[in-house]
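Asks: Here it is: the structure, laid out below.
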Amino acid sequence: MEGLAEDDDTIGPSALVRARRDIADAQRRLQLLTAATRSIGSGLDPAESIEQMIQVAVPDFADWCLLAVIDAATPIFRLLHRDPRHSPAAEVLCRHLAGIRGAASRSVRQVLAEGQPTLIPEVTDELLDHQVADPVVRQAYRDFGMRSVIIAPLWVRGRVIGNASFVRVDSRSAVYTDADMLVAAELAQRTALALDNARLLARERAAAETLQRSLLPELSDVPGLRVAARYLPANNHAQVGGDWYDVLPLPDGDIGVAIGDVMGHDLEAAAAMGQLRSVLRAFAWDGAAPALALSRLDHLVSGLDMGRLATTVYGRLRLRPGGGGHLEYANAGHPAPVLRLPTGATELLEDAHAPMIGLPAVSERSTARVAIPAGATLVLYTDGLVEDRLRPADRGIDQLRRILETAPTDCQPNELCDLILDRLRPGQHSDDDIALLVIQLDPP
(Lines give C-alpha, C1' and ligand atoms only; values in the text may rest on other atoms or scores of the structure.)
Protein backbone atom coordinates (compact mmCIF):
# COMPACT_ATOMS: atom_id res chain seq x y z
CA MET A 1 0.00 0.00 0.00
CA GLU A 2 1.35 3.37 -1.01
CA GLY A 3 2.75 5.42 1.85
CA LEU A 4 3.15 2.51 4.28
CA ALA A 5 6.68 2.01 5.56
CA GLU A 6 8.00 -1.49 5.03
CA ASP A 7 9.47 -1.62 8.53
CA ASP A 8 6.27 -0.50 10.30
CA ASP A 9 6.34 -2.21 13.75
CA THR A 10 2.56 -2.49 13.98
CA ILE A 11 2.07 -4.73 10.96
CA GLY A 12 4.24 -6.81 8.73
CA PRO A 13 6.53 -9.80 9.31
CA SER A 14 8.22 -8.55 12.50
CA ALA A 15 4.88 -7.73 14.15
CA LEU A 16 3.56 -11.16 13.18
CA VAL A 17 6.58 -12.85 14.72
CA ARG A 18 6.07 -10.90 17.96
CA ALA A 19 2.37 -11.71 18.00
CA ARG A 20 3.06 -15.40 17.57
CA ARG A 21 5.69 -15.25 20.32
CA ASP A 22 3.28 -13.45 22.65
CA ILE A 23 0.58 -16.03 21.98
CA ALA A 24 3.03 -18.87 22.64
CA ASP A 25 4.16 -17.20 25.88
CA ALA A 26 0.54 -16.76 26.98
CA GLN A 27 -0.18 -20.42 26.23
CA ARG A 28 2.83 -21.51 28.28
CA ARG A 29 1.69 -19.40 31.21
CA LEU A 30 -1.81 -20.86 30.96
CA GLN A 31 -0.41 -24.39 30.84
CA LEU A 32 1.72 -23.63 33.88
CA LEU A 33 -1.26 -22.41 35.90
CA THR A 34 -3.28 -25.42 34.75
CA ALA A 35 -0.53 -27.72 36.01
CA ALA A 36 -0.44 -25.77 39.26
CA THR A 37 -4.20 -26.17 39.68
CA ARG A 38 -3.86 -29.95 39.31
CA SER A 39 -0.84 -30.32 41.58
CA ILE A 40 -0.59 -27.64 44.24
CA GLY A 41 -2.81 -28.33 47.20
CA SER A 42 -3.51 -31.98 46.38
CA GLY A 43 -1.39 -33.15 49.33
CA LEU A 44 -2.05 -32.95 53.04
CA ASP A 45 1.55 -32.61 54.15
CA PRO A 46 3.15 -29.12 54.34
CA ALA A 47 6.40 -30.45 52.88
CA GLU A 48 4.43 -31.98 50.01
CA SER A 49 2.79 -28.61 49.23
CA ILE A 50 6.22 -26.99 49.01
CA GLU A 51 7.54 -29.75 46.76
CA GLN A 52 4.53 -29.55 44.44
CA MET A 53 5.05 -25.85 43.78
CA ILE A 54 8.72 -25.98 42.94
CA GLN A 55 8.18 -29.05 40.75
CA VAL A 56 5.62 -27.03 38.77
CA ALA A 57 7.93 -23.99 38.50
CA VAL A 58 11.17 -25.77 37.52
CA PRO A 59 12.17 -26.05 34.71
CA ASP A 60 9.20 -24.71 32.72
CA PHE A 61 8.98 -21.31 34.41
CA ALA A 62 12.30 -20.95 36.21
CA ASP A 63 15.80 -22.35 35.93
CA TRP A 64 15.79 -22.54 39.70
CA CYS A 65 13.36 -21.69 42.46
CA LEU A 66 13.96 -20.99 46.14
CA LEU A 67 10.98 -21.23 48.45
CA ALA A 68 11.29 -19.92 52.00
CA VAL A 69 8.71 -20.39 54.77
CA ILE A 70 9.75 -18.13 57.62
CA ASP A 71 6.81 -18.17 60.02
CA ALA A 72 7.69 -21.58 61.46
CA ALA A 73 9.75 -22.12 64.61
CA THR A 74 12.41 -23.50 62.30
CA PRO A 75 12.35 -21.72 58.91
CA ILE A 76 11.98 -23.98 55.87
CA PHE A 77 14.08 -23.47 52.74
CA ARG A 78 13.82 -25.58 49.60
CA LEU A 79 15.71 -24.92 46.37
CA LEU A 80 15.22 -26.87 43.17
CA HIS A 81 17.57 -26.35 40.20
CA ARG A 82 17.03 -27.63 36.68
CA ASP A 83 20.67 -28.75 36.64
CA PRO A 84 20.96 -31.73 39.03
CA ARG A 85 24.67 -31.04 39.44
CA HIS A 86 23.69 -28.11 41.66
CA SER A 87 21.66 -30.28 44.09
CA PRO A 88 24.42 -30.75 46.72
CA ALA A 89 25.23 -27.02 46.72
CA ALA A 90 21.51 -26.19 46.95
CA GLU A 91 21.14 -28.36 50.06
CA VAL A 92 24.15 -26.67 51.68
CA LEU A 93 22.70 -23.25 50.89
CA CYS A 94 19.31 -24.15 52.36
CA ARG A 95 20.92 -25.38 55.59
CA HIS A 96 22.92 -22.15 55.75
CA LEU A 97 19.83 -20.00 55.20
CA ALA A 98 17.90 -21.87 57.91
CA GLY A 99 20.65 -21.08 60.41
CA ILE A 100 21.00 -17.34 59.74
CA ARG A 101 17.82 -15.43 60.47
CA GLY A 102 17.75 -11.94 59.02
CA ALA A 103 20.06 -12.73 56.09
CA ALA A 104 17.42 -12.08 53.41
CA SER A 105 18.26 -9.73 50.56
CA ARG A 106 16.90 -6.20 50.49
CA SER A 107 14.34 -7.13 47.84
CA VAL A 108 13.15 -10.14 49.84
CA ARG A 109 12.77 -8.02 52.96
CA GLN A 110 10.73 -5.51 50.98
CA VAL A 111 8.46 -8.25 49.62
CA LEU A 112 7.96 -9.69 53.11
CA ALA A 113 7.16 -6.25 54.52
CA GLU A 114 4.84 -5.03 51.78
CA GLY A 115 3.30 -8.31 50.59
CA GLN A 116 3.75 -7.39 46.92
CA PRO A 117 5.81 -9.21 44.26
CA THR A 118 8.84 -7.56 42.76
CA LEU A 119 10.53 -8.03 39.39
CA ILE A 120 14.26 -7.63 38.77
CA PRO A 121 14.56 -7.95 34.97
CA GLU A 122 18.36 -7.90 34.91
CA VAL A 123 20.64 -8.93 37.79
CA THR A 124 24.10 -7.40 37.71
CA ASP A 125 27.11 -8.09 39.91
CA GLU A 126 26.76 -4.61 41.41
CA LEU A 127 23.10 -5.23 42.23
CA LEU A 128 23.95 -8.59 43.83
CA ASP A 129 26.63 -6.99 46.00
CA HIS A 130 24.15 -4.32 47.08
CA GLN A 131 21.23 -6.68 47.70
CA VAL A 132 22.82 -9.67 49.49
CA ALA A 133 24.91 -8.99 52.58
CA ASP A 134 25.83 -12.56 53.53
CA PRO A 135 28.95 -13.60 51.55
CA VAL A 136 28.06 -17.31 51.51
CA VAL A 137 24.61 -16.64 50.08
CA ARG A 138 25.95 -14.09 47.62
CA GLN A 139 28.58 -16.50 46.29
CA ALA A 140 26.01 -19.30 46.02
CA TYR A 141 23.76 -17.08 43.93
CA ARG A 142 26.69 -16.28 41.65
CA ASP A 143 27.51 -19.98 41.33
CA PHE A 144 23.92 -20.87 40.49
CA GLY A 145 23.62 -17.94 38.10
CA MET A 146 21.10 -15.13 38.21
CA ARG A 147 19.98 -13.21 35.15
CA SER A 148 16.35 -12.31 35.88
CA VAL A 149 14.40 -12.73 39.14
CA ILE A 150 10.86 -12.51 40.44
CA ILE A 151 10.28 -12.54 44.20
CA ALA A 152 6.68 -13.25 45.23
CA PRO A 153 5.21 -13.30 48.74
CA LEU A 154 3.55 -16.37 50.24
CA TRP A 155 0.49 -14.41 51.31
CA VAL A 156 -2.42 -16.13 53.04
CA ARG A 157 -5.24 -15.09 55.37
CA GLY A 158 -3.89 -11.60 55.90
CA ARG A 159 -0.26 -12.44 56.59
CA VAL A 160 2.94 -13.21 54.74
CA ILE A 161 4.43 -16.56 55.72
CA GLY A 162 7.42 -16.52 53.38
CA ASN A 163 8.44 -15.94 49.80
CA ALA A 164 9.26 -17.69 46.54
CA SER A 165 12.12 -16.58 44.28
CA PHE A 166 11.93 -17.57 40.61
CA VAL A 167 15.23 -17.25 38.74
CA ARG A 168 16.28 -17.45 35.13
CA VAL A 169 19.97 -18.00 34.62
CA ASP A 170 21.49 -17.06 31.28
CA SER A 171 20.89 -15.62 27.85
CA ARG A 172 19.19 -18.78 26.65
CA SER A 173 16.21 -17.84 28.83
CA ALA A 174 14.15 -14.71 28.21
CA VAL A 175 14.09 -12.12 30.97
CA TYR A 176 10.98 -12.05 33.14
CA THR A 177 8.20 -9.62 32.27
CA ASP A 178 5.31 -8.05 34.15
CA ALA A 179 3.07 -10.82 32.78
CA ASP A 180 5.47 -13.39 34.26
CA MET A 181 5.29 -11.58 37.60
CA LEU A 182 1.51 -12.07 37.67
CA VAL A 183 2.02 -15.80 37.07
CA ALA A 184 4.65 -16.00 39.83
CA ALA A 185 2.35 -14.18 42.26
CA GLU A 186 -0.44 -16.63 41.46
CA LEU A 187 1.85 -19.64 41.98
CA ALA A 188 3.03 -18.24 45.31
CA GLN A 189 -0.51 -17.47 46.48
CA ARG A 190 -1.75 -20.96 45.64
CA THR A 191 1.24 -22.46 47.40
CA ALA A 192 0.69 -20.34 50.51
CA LEU A 193 -2.97 -21.37 50.71
CA ALA A 194 -2.15 -25.05 50.19
CA LEU A 195 0.63 -24.87 52.76
CA ASP A 196 -1.57 -23.15 55.34
CA ASN A 197 -4.42 -25.60 54.74
CA ALA A 198 -2.03 -28.52 55.16
CA ARG A 199 -0.83 -27.05 58.46
CA LEU A 200 -4.39 -26.54 59.71
CA LEU A 201 -5.31 -30.09 58.75
CA ALA A 202 -2.19 -31.44 60.41
CA ARG A 203 -3.06 -29.62 63.63
CA GLU A 204 -6.64 -30.90 63.50
CA ARG A 205 -5.40 -34.42 62.84
CA ALA A 206 -3.01 -34.22 65.79
CA ALA A 207 -5.78 -32.93 68.07
CA ALA A 208 -8.21 -35.62 66.94
CA GLU A 209 -5.61 -38.36 67.27
CA THR A 210 -4.68 -37.14 70.76
CA LEU A 211 -8.36 -37.14 71.72
CA GLN A 212 -8.93 -40.57 70.25
CA ARG A 213 -5.90 -42.13 71.93
CA SER A 214 -6.90 -40.57 75.25
CA LEU A 215 -10.30 -42.27 74.97
CA LEU A 216 -8.86 -45.72 74.29
CA PRO A 217 -8.41 -47.88 77.38
CA GLU A 218 -5.20 -48.94 79.01
CA LEU A 219 -5.41 -52.72 78.79
CA SER A 220 -5.24 -54.14 82.31
CA ASP A 221 -3.99 -57.57 83.22
CA VAL A 222 -6.81 -60.11 83.28
CA PRO A 223 -6.12 -63.50 84.90
CA GLY A 224 -6.39 -66.27 82.34
CA LEU A 225 -5.89 -63.95 79.35
CA ARG A 226 -3.10 -62.35 77.36
CA VAL A 227 -4.25 -59.25 75.53
CA ALA A 228 -2.69 -56.86 72.99
CA ALA A 229 -4.14 -54.06 70.87
CA ARG A 230 -3.08 -51.59 68.22
CA TYR A 231 -4.58 -48.36 66.98
CA LEU A 232 -3.28 -46.77 63.75
CA PRO A 233 -4.75 -43.56 62.32
CA ALA A 234 -5.21 -43.31 58.58
CA ASN A 235 -2.15 -41.71 57.05
CA ASN A 236 -3.77 -40.21 53.98
CA HIS A 237 -6.46 -38.26 55.83
CA ALA A 238 -6.14 -34.97 57.62
CA GLN A 239 -8.38 -36.32 60.34
CA VAL A 240 -8.85 -39.48 62.30
CA GLY A 241 -12.02 -41.40 62.89
CA GLY A 242 -13.91 -43.20 65.59
CA ASP A 243 -12.32 -46.66 65.87
CA TRP A 244 -12.10 -48.11 69.35
CA TYR A 245 -11.59 -51.31 71.32
CA ASP A 246 -12.21 -52.29 74.93
CA VAL A 247 -11.54 -55.08 77.39
CA LEU A 248 -13.38 -54.66 80.69
CA PRO A 249 -13.42 -57.05 83.68
CA LEU A 250 -17.03 -57.06 84.92
CA PRO A 251 -18.46 -57.43 88.48
CA ASP A 252 -19.86 -60.93 87.83
CA GLY A 253 -16.47 -62.26 86.71
CA ASP A 254 -17.10 -62.05 82.95
CA ILE A 255 -14.83 -60.00 80.71
CA GLY A 256 -16.49 -57.48 78.44
CA VAL A 257 -14.93 -57.38 74.96
CA ALA A 258 -15.77 -54.73 72.36
CA ILE A 259 -14.57 -53.24 69.14
CA GLY A 260 -16.28 -50.54 67.11
CA ASP A 261 -16.11 -47.90 64.44
CA VAL A 262 -18.01 -44.60 64.34
CA MET A 263 -18.54 -43.43 60.78
CA GLY A 264 -16.58 -40.33 59.77
CA HIS A 265 -13.08 -38.88 59.98
CA ASP A 266 -13.15 -35.81 62.17
CA LEU A 267 -13.16 -34.58 65.75
CA GLU A 268 -16.90 -35.23 66.01
CA ALA A 269 -16.36 -38.89 65.12
CA ALA A 270 -13.66 -39.19 67.78
CA ALA A 271 -15.90 -37.51 70.35
CA ALA A 272 -18.88 -39.71 69.41
CA MET A 273 -16.63 -42.74 69.78
CA GLY A 274 -15.83 -41.70 73.35
CA GLN A 275 -19.52 -41.32 74.14
CA LEU A 276 -20.52 -44.68 72.67
CA ARG A 277 -17.68 -46.52 74.32
CA SER A 278 -18.51 -45.02 77.72
CA VAL A 279 -22.23 -45.81 77.39
CA LEU A 280 -21.53 -49.37 76.26
CA ARG A 281 -19.22 -49.79 79.24
CA ALA A 282 -22.05 -48.67 81.53
CA PHE A 283 -24.50 -51.18 80.01
CA ALA A 284 -21.86 -53.91 80.24
CA TRP A 285 -21.15 -53.11 83.89
CA ASP A 286 -24.88 -53.25 84.58
CA GLY A 287 -24.89 -56.87 83.41
CA ALA A 288 -26.78 -56.48 80.13
CA ALA A 289 -26.49 -59.37 77.68
CA PRO A 290 -24.74 -58.42 74.42
CA ALA A 291 -27.93 -58.09 72.33
CA LEU A 292 -29.65 -56.01 75.02
CA ALA A 293 -26.59 -53.78 75.45
CA LEU A 294 -26.48 -53.01 71.74
CA SER A 295 -30.25 -52.42 71.61
CA ARG A 296 -29.97 -49.95 74.47
CA LEU A 297 -27.07 -48.27 72.72
CA ASP A 298 -29.18 -48.01 69.57
CA HIS A 299 -32.08 -46.42 71.47
CA LEU A 300 -29.74 -43.95 73.12
CA VAL A 301 -28.18 -42.85 69.81
CA SER A 302 -31.63 -42.40 68.27
CA GLY A 303 -33.10 -40.68 71.33
CA LEU A 304 -30.27 -38.19 71.67
CA ASP A 305 -30.19 -37.64 67.89
CA MET A 306 -26.43 -38.09 67.84
CA GLY A 307 -26.48 -38.35 64.05
CA ARG A 308 -23.56 -40.79 63.83
CA LEU A 309 -23.71 -44.33 62.54
CA ALA A 310 -21.47 -46.91 64.16
CA THR A 311 -20.61 -50.57 63.86
CA THR A 312 -19.62 -52.64 66.85
CA VAL A 313 -19.20 -56.13 68.25
CA TYR A 314 -19.80 -56.58 71.96
CA GLY A 315 -19.26 -59.83 73.80
CA ARG A 316 -19.06 -61.27 77.30
CA LEU A 317 -16.26 -63.78 77.75
CA ARG A 318 -16.65 -66.25 80.63
CA LEU A 319 -13.62 -68.33 81.61
CA ARG A 320 -13.89 -71.79 83.15
CA PRO A 321 -11.75 -72.61 86.18
CA GLY A 322 -10.16 -75.54 84.33
CA GLY A 323 -9.28 -73.52 81.23
CA GLY A 324 -11.11 -72.29 78.20
CA GLY A 325 -14.57 -70.78 78.34
CA HIS A 326 -17.26 -69.38 76.10
CA LEU A 327 -18.13 -66.09 74.44
CA GLU A 328 -21.60 -64.60 74.10
CA TYR A 329 -21.63 -61.84 71.52
CA ALA A 330 -23.78 -59.62 69.31
CA ASN A 331 -22.77 -57.83 66.14
CA ALA A 332 -24.09 -54.47 64.87
CA GLY A 333 -22.91 -54.31 61.27
CA HIS A 334 -19.25 -54.94 62.09
CA PRO A 335 -16.71 -57.26 60.38
CA ALA A 336 -16.90 -60.70 61.94
CA PRO A 337 -14.26 -61.57 64.57
CA VAL A 338 -11.92 -64.47 63.84
CA LEU A 339 -11.37 -67.31 66.31
CA ARG A 340 -8.05 -69.09 65.98
CA LEU A 341 -8.15 -72.53 67.55
CA PRO A 342 -5.11 -74.09 69.25
CA THR A 343 -4.66 -76.29 66.16
CA GLY A 344 -4.22 -73.18 64.01
CA ALA A 345 -7.56 -73.56 62.23
CA THR A 346 -9.76 -70.45 62.12
CA GLU A 347 -13.48 -69.76 62.34
CA LEU A 348 -15.43 -66.63 61.50
CA LEU A 349 -17.89 -65.62 64.21
CA GLU A 350 -20.67 -64.59 61.83
CA ASP A 351 -23.78 -65.22 63.92
CA ALA A 352 -25.95 -62.63 65.71
CA HIS A 353 -25.36 -60.13 62.92
CA ALA A 354 -27.74 -57.16 62.75
CA PRO A 355 -27.71 -53.62 61.28
CA MET A 356 -25.32 -51.00 62.59
CA ILE A 357 -26.04 -48.62 65.45
CA GLY A 358 -27.98 -45.50 64.46
CA LEU A 359 -30.12 -46.91 61.64
CA PRO A 360 -33.93 -46.95 61.95
CA ALA A 361 -35.04 -49.08 64.89
CA VAL A 362 -34.00 -52.72 64.73
CA SER A 363 -36.87 -54.97 65.79
CA GLU A 364 -34.66 -57.56 67.43
CA ARG A 365 -31.00 -58.21 68.08
CA SER A 366 -29.77 -61.64 69.02
CA THR A 367 -26.91 -63.04 71.08
CA ALA A 368 -24.75 -65.90 69.80
CA ARG A 369 -22.61 -68.23 71.87
CA VAL A 370 -19.35 -69.95 70.94
CA ALA A 371 -16.99 -72.19 72.92
CA ILE A 372 -13.45 -70.84 73.29
CA PRO A 373 -10.92 -73.62 73.96
CA ALA A 374 -7.92 -73.08 76.20
CA GLY A 375 -5.06 -71.66 74.14
CA ALA A 376 -7.40 -70.23 71.49
CA THR A 377 -7.06 -66.68 70.18
CA LEU A 378 -9.82 -64.19 69.45
CA VAL A 379 -9.04 -61.46 66.88
CA LEU A 380 -11.29 -58.42 66.58
CA TYR A 381 -10.59 -55.59 64.13
CA THR A 382 -12.11 -52.67 62.26
CA ASP A 383 -12.60 -52.60 58.49
CA GLY A 384 -9.53 -50.44 57.88
CA LEU A 385 -7.42 -53.56 58.47
CA VAL A 386 -8.99 -55.69 55.77
CA GLU A 387 -10.56 -53.31 53.26
CA ASP A 388 -9.36 -50.51 50.97
CA ARG A 389 -9.90 -49.20 47.45
CA LEU A 390 -7.97 -52.09 45.92
CA ARG A 391 -9.08 -54.91 48.20
CA PRO A 392 -12.65 -55.87 49.12
CA ALA A 393 -13.35 -56.82 52.71
CA ASP A 394 -13.98 -60.51 52.03
CA ARG A 395 -10.58 -60.90 50.39
CA GLY A 396 -8.91 -59.04 53.27
CA ILE A 397 -10.62 -61.29 55.80
CA ASP A 398 -9.45 -64.38 53.88
CA GLN A 399 -5.90 -63.02 54.02
CA LEU A 400 -6.24 -62.40 57.76
CA ARG A 401 -7.36 -65.99 58.28
CA ARG A 402 -4.39 -67.33 56.29
CA ILE A 403 -2.02 -65.21 58.36
CA LEU A 404 -3.50 -66.62 61.56
CA GLU A 405 -3.49 -70.19 60.26
CA THR A 406 0.19 -70.04 59.29
CA ALA A 407 1.42 -68.10 62.33
CA PRO A 408 3.49 -70.06 64.87
CA THR A 409 1.28 -71.78 67.42
CA ASP A 410 3.21 -70.16 70.28
CA CYS A 411 2.84 -66.64 68.82
CA GLN A 412 2.02 -64.19 71.63
CA PRO A 413 -0.66 -61.46 71.21
CA ASN A 414 1.82 -58.61 70.75
CA GLU A 415 3.75 -60.62 68.16
CA LEU A 416 0.51 -61.57 66.45
CA CYS A 417 -0.59 -57.91 66.24
CA ASP A 418 2.70 -56.97 64.61
CA LEU A 419 2.56 -59.93 62.24
CA ILE A 420 -0.99 -59.10 61.12
CA LEU A 421 -0.16 -55.44 60.49
CA ASP A 422 3.08 -56.24 58.69
CA ARG A 423 1.32 -58.67 56.35
CA LEU A 424 -1.93 -56.79 55.76
CA ARG A 425 -0.60 -53.24 56.01
CA PRO A 426 3.05 -53.22 54.90
CA GLY A 427 4.56 -49.93 55.93
CA GLN A 428 1.38 -49.32 57.95
CA HIS A 429 -0.26 -47.43 55.08
CA SER A 430 -4.04 -47.37 55.27
CA ASP A 431 -6.89 -45.35 53.81
CA ASP A 432 -8.82 -45.79 57.05
CA ASP A 433 -8.17 -46.00 60.76
CA ILE A 434 -7.31 -49.42 62.16
CA ALA A 435 -8.16 -50.85 65.55
CA LEU A 436 -6.93 -54.38 66.26
CA LEU A 437 -7.57 -56.39 69.43
CA VAL A 438 -6.04 -59.83 70.07
CA ILE A 439 -7.20 -61.88 73.08
CA GLN A 440 -5.53 -65.17 73.83
CA LEU A 441 -6.72 -67.65 76.47
CA ASP A 442 -4.05 -69.30 78.56
CA PRO A 443 -3.11 -72.77 77.32
CA PRO A 444 -4.27 -75.79 79.32
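The values are calculated or read from the model by the stated rules, or taken from the named source; none is laboratory data. None of these values were measured; they are calculated from a predicted model. All Cβ positions, even for glycine, are placed from backbone atoms using ideal geometry, and neighbour counts span all protein chains on display.
Asks: Are any residues in the stretch 379-392 farther than 27 Å from residue 224 by Cβ and touching a residue at least 24 places away in the same chain (Cβ under 8 Å), and if so, which ones?
Replies: 383, 384, 386, 387, 388, 389
Asks: Taking residue 439 as meeting all but one of (1) closer than 25 Å to residue 256 by Cβ; (2) in a loop (DSSP other than H, G, I, E, B), write down the number of the exception.
Replies: The one condition residue 439 does not meet is (2).
Asks: Restricted to the stretch 45-79, and to residues that are free of Cβ contacts under 8 Å to residues at least 60 places away in the same chain and of a type in the set (D, E, K, R), which residue is surrounded by the fewest Cβ atoms within 10 Å (Cβ to Cβ)?
Replies: This residue is 60.
Asks: Tally time: how many residues in the stretch 379-409 are outside any strand (DSSP E or B) and farther than 16 Å from residue 338 by Cβ?
Replies: The total comes to 4.
Asks: Is there a residue being in contact (Cβ under 8 Å) with a residue 24 or more places away in the chain and at positive phi anywhere in the stretch 434-444?
Replies: Within the stretch 434-444, none of the residues are in contact (Cβ under 8 Å) with a residue 24 or more places away in the chain and at positive phi.
Asks: On the given criteria, is residue 342 in the same structural domain as residue 437 (by TED's automatic domain parsing), assigned to a loop (DSSP other than H, G, I, E, B) and under 26 Å from residue 421 (Cα atoms)?
Replies: Taking the combined requirement at face value, the residue satisfies it.
Asks: List the pairs whose first member sits in the stretch 223-250 and is more than 18 Å from residue 382 (Cβ to Cβ), whose second member is among the acidic types (Asp, Glu) and at pLDDT below 75, and whose Cβ atoms are under 8 Å apart, counting only residues at least 6 apart or on separate chains?
Replies: 238/204
Asks: (1) at pLDDT 95 or above; (2) of a type in the set (A, V, I, L, M); (3) surrounded by fewer than 21 Cβ atoms within 10 Å (Cβ to Cβ): which one isn't true of residue 354, the others all being true?
Replies: The single condition residue 354 does not satisfy is (1).
Asks: While we're here: It is to be established whether one or more residues within the stretch 166-174 are touching a Leu at 6+ places or on another chain (Cβ under 6 Å) and surrounded by 15 or more Cβ atoms within 10 Å (Cβ to Cβ).
Replies: No; the residues of the stretch 166-174 include none that is touching a Leu at 6+ places or on another chain (Cβ under 6 Å) and surrounded by 15 or more Cβ atoms within 10 Å (Cβ to Cβ).
Asks: Kindly indicate the residue of the stretch 357-378 that is part of a strand (DSSP E or B) and in contact (Cβ under 8 Å) with a residue 60 or more places away in the chain and also surrounded by the fewest Cβ atoms within 10 Å (Cβ to Cβ) among those meeting that condition.
Replies: 372
Asks: Can you tell me which residue is modelled with the lowest pLDDT among those in the stretch 357-383 that are within 21 Å of residue 292 (Cα to Cα) and of a type outside the set (A, V, I, L, M, F, W, C)?
Replies: Among them, the one singled out is 363.
Asks: Considering only residues that are surrounded by 12 or more Cβ atoms within 10 Å (Cβ to Cβ) and charged (D, E, K, R), look in the stretch 383-394 and name the one that is nearest to the chain's Cα centre (by Cα).
Replies: 388
Asks: Collect the residues in the stretch 154-172 that are outside any loop (DSSP other than H, G, I, E, B) and aliphatic (A, V, I, L, M), keeping them in residue-number order.
Replies: Result: 154, 156, 160, 161, 164, 167.
Asks: Continuing with this model, one more query. In the stretch 105-153, how many are closer than 29 Å to residue 190 by Cα, in a loop (DSSP other than H, G, I, E, B) and of a type in the set (A, V, I, L, M)?
Replies: Of the residues in the stretch 105-153, 3 are closer than 29 Å to residue 190 by Cα, in a loop (DSSP other than H, G, I, E, B) and of a type in the set (A, V, I, L, M).
Asks: I'd like the full set of residues that are over 37 Å from the mean Cα position of the chain (by Cα) and at pLDDT below 85, limited to the stretch 139-172.
Replies: Of everything in the stretch 139-172, those that are over 37 Å from the mean Cα position of the chain (by Cα) and at pLDDT below 85 turn out to be 170, 171, 172.
Asks: Here's another thing I want to ask about it. Scan (1) crowded, with 18+ Cβ neighbours inside 10 Å; (2) farther than 14 Å from residue 439 by Cα; (3) at pLDDT 95 or above for the single condition residue 327 breaks and write down its number.
Replies: Among (1) crowded, with 18+ Cβ neighbours inside 10 Å; (2) farther than 14 Å from residue 439 by Cα; (3) at pLDDT 95 or above, the lone unmet condition for residue 327 is (2).
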